[in-house]
1. Of all DSSP beta bridges located in chain B, what percent are antiparallel, nearest 5?
2. Using θ = phi - 60° and the Karplus form 6.51 cos²θ - 1.76 cosθ + 1.60, what ³J(HN,Hα) does each residue of region B:303-317 get, whole Hz, x for Gly and Pro?
3. State in Å² the accessible area per residue of region B:295-386; use a 1.4 Å probe, count heavy atoms of protein chains only, and round to the nearest integer.
4. Quick one: among B:R198, B:R306, B:R360, which has the greatest mean-square fluctuation in a GNM of chain B with alpha-carbon springs under 10 angstrom?
5. Of all DSSP beta bridges in region A:54-216, what percent run antiparallel (nearest 5)?
6. Enumerate the amide H contacts of A:E51 below 5 Å, restricted to partners 5 or more residues apart or on another chain; note that Pro and chain-start residues carry no placed amide H.
7. Say a paramagnetic label sat at a point 7 Å from the Cα of B:D336, along Cα to Cβ; which residues of region B:352-390 have their backbone N under 12 Å from it?
8. Lys and Arg at +1, Asp and Glu at -1: add these up for the other residues within a Cβ distance under 12 Å of B:G351 and post the number.
Amino acid sequence: MTTRVIDLATEGVRGLNAALHADKAHKHWQVLNPAGLHSIAVGIDAPTTVEIDGHVGYYCAGMNKHASVTVKGNAGVGVAENMMSGRVHVLGDASQAAGATAHGGSLIIDGNASARCGISMKGVDILVKGNIGHMSAFMAQAGTLTVLGNAGDALGDSIYEAKIFVRGTVAGLGADCIEKEMRDEHKALLFGRLKAAGLDGQVDVGEFRRYGSARKLYNFTTDNLDAY
Amino acid sequence: MSSYHNPHTFPRKSAAFDDYALSEIRRAAATGLYDIRGGGAKRKVPHLDDLLFLGASMSRYPLEGYREKCGTNVILGDRFAKKPIELKIPVTIAGMSFGSLSAEAKEALGRGASAMGTSTTTGDGGMTPEERGHSSILVYQYLPSRYGMNPDDLRKADAIEVVVGQGAKPGGGGMLLGQKISERVAEMRCLPQGIDQRSACRHPDWTGPDDLEIKIEELREITDWQKPIYVKIGAARPYYDTALAVKAGADVVVLDGMQGGTAATQEVFIEHVGLPLLAAIRPAVQALQDLGMHRKVQLIVSGGIRNGADVAKCLALGADAVSIGTAALVALGDNDPVHETEYRTLGTTAGAYDDWHEGRDPAGITTQDPMLAKRLDPVLAGRRLANYLAVLALEAQTIARACGKSHVHNLEPEDLVALTVEAAAMAKVPLAGTDWIPGNESRGRGPY
Ligand SMILES: Cc1cc2nc3c(=O)[nH]c(=O)nc-3n(C[C@H](O)[C@H](O)[C@H](O)COP(=O)(O)O)c2cc1C
């Protein structure tokens, strides 16, 4: 497989994205000198692999479809935001709103993720090997958020049907988010997620707790006023 | 013995505690919940009706009413987009979600707008194939909820509108109650059916204008810099909000006043938050002028537009185009007296029906009930909308010609006077019969 190398120092983000959108047949891309630039590798719609050698700014791999994008560094705000499918792997840490509103695919963060990880997520599977910040999975609608470390305050505030698995501690739960029983089906689901991240055999599903919606805010009544 | 009779005064109701206020207190006491409804502010606030055109006279030459050319076209988005949009008339259809409206109503909006060479806009809930198929120019909204947001539809759109706020509820998110979350609506929004859905009021992955600049750049990158990008704001701090939208890279600013409709929000929010459009246009235009961007970044205004005079007044105050929501729904058949018996059953009357969130619209427009939705014939309703849009354009042209303008964009504040001191101050045009513009004394002291 040939590799097409794009140096952002010379071709810029526009050059990279234009090439990624035009040249869908190309299978493997290497991106040099990302230097924290924003909007790197956004809007891809092809089953290619993209390797980014360094740190990226905001919205890397935004709205990704089909592609597998690896960031060999840290990622700024909104990595893989609104991803539809494919896979985004951050080898370092991720800033706020990682995987925000993503509809599908999988997002793996080897380090920590900051606040609002998985905010408004709509079906994506997010796995964070470190810790996640406050307000994560805010209004999370669907998908899974798996955290090997600890979760910050107000986890899952106003959550809908997304499923959260946390191995470590949770600083606090947000409105309408409760700990839920970890039944066999959830263990199987979690095992699948861990396996997809290559962690089967290394991490025990029995160490996780599950969090989700109490579904008390689903229909507005005056009896819930203190929850709003 | 004759007893002394104390005569009664004529029964007098309080101006403050009027029948509506009393009924609201009783409603609140009975339910413990705030009132939710659709539509815009209903109470009287300073309005475009408080302005008049002067027309031509000794010092101005009019154009012949029917014959002489008076252009109405508008180009939107030529600041950065490779493919700007051209509308044949300066009136567009505002964003109204599939969910709040039936699929048939969305189709009718597309048909009517396309027949007149203008655009329609999606809404909170994503793009339906019906509206894409029937709208020759379609603006795709990018909202905090991101319901149904996906790159395929983004690429199918002719423009993208980043929604920061709405005039009916600046600072508030959307609301669609369980009755209207049908299977299809639920699926498009990735939510369970039948639950009350409250859209976020903040965007999930950006805060503030500096972030917005990066977000807009991302949207441009995803769509290869082809599509105009609009930023929609509710009228709150129009001078600064417009300036910041321009700074963030908007091609077009959409400014929505408090009389603008919404599908559903708390009554208290609709009536008490935000500015009337009349008070918002001049500050927004001033911001564009101060930045040297007037007519380079286009301004679309909305909120209570009903007729061609309203259109002409907005353009004269400096807008490039207007957009309509409520009036378009009325043109389709909303609140039509033919349904009076049914409105009565719902405890209301034609012209006052605003419980759009309940999904029981007799006109079949603000509903997801298939039986009700079927009442609206999209072809016929689209025709009615096209007729109505044609009248708006003709009326605006009539006024422009009377003022001697060969294009509706040549209308200017100097063509206007105000009937009230408030309107004169807000629109920054003289009080009729005087040369007094209240507040003009403070000119140069900075923004309002
Ligand atoms: C039924 C309905 C649904 C609406 N849905 C949206 C929406 O999804 N997104 C949005 O930005 N504005 C929405 N609006 C507001 C309109 O886009 C627009 O700002 C307003 O209707 C303009 O004022 P007008 O109704 O007086 O013409 C909605 C309005 C109505 C009446």
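The values are calculated or read from the model by the stated rules, or taken from the named source; none is laboratory data. These figures come from a predicted structure and were not determined experimentally. Cβ coordinates were reconstructed from backbone atoms using ideal geometry, including for glycine residues, and neighbour counts include every protein chain displayed. All accessible areas refer to the heavy atoms of the entire protein, side chains included, with ligands and DNA or RNA removed. Shrake-Rupley method; radii C 1.70, N 1.55, O 1.52, S 1.80 Å.
1. Values: 11 of 42 bridges.
Within chain B, antiparallel bridges account for around 25 percent of the total.
2. Result, rounded to whole Hz: x, x, 7, 10, 8, x, 5, 4, 4, 4, 5, 4, 5, 4, 6.
3. Working: 3300 Å² over 92 residues.
Here the per-residue accessible area is 36 Å².
4. Looking only at B:R198, B:R306, B:R360, the biggest GNM fluctuation is shown by B:R198.
5. On the way: 7 of 35 bridges.
So the antiparallel bridges amount to about 20 percent of the total.
6. HN-HN under 5 Å from A:E51: A:W29, A:Q30, A:V31, A:T70.
7. So the set is B:362-365, B:375-385.
8. Working: positive: B:K42; negative: B:D334, B:D336, B:E340, B:D354.
Computed value for this residue: -3.
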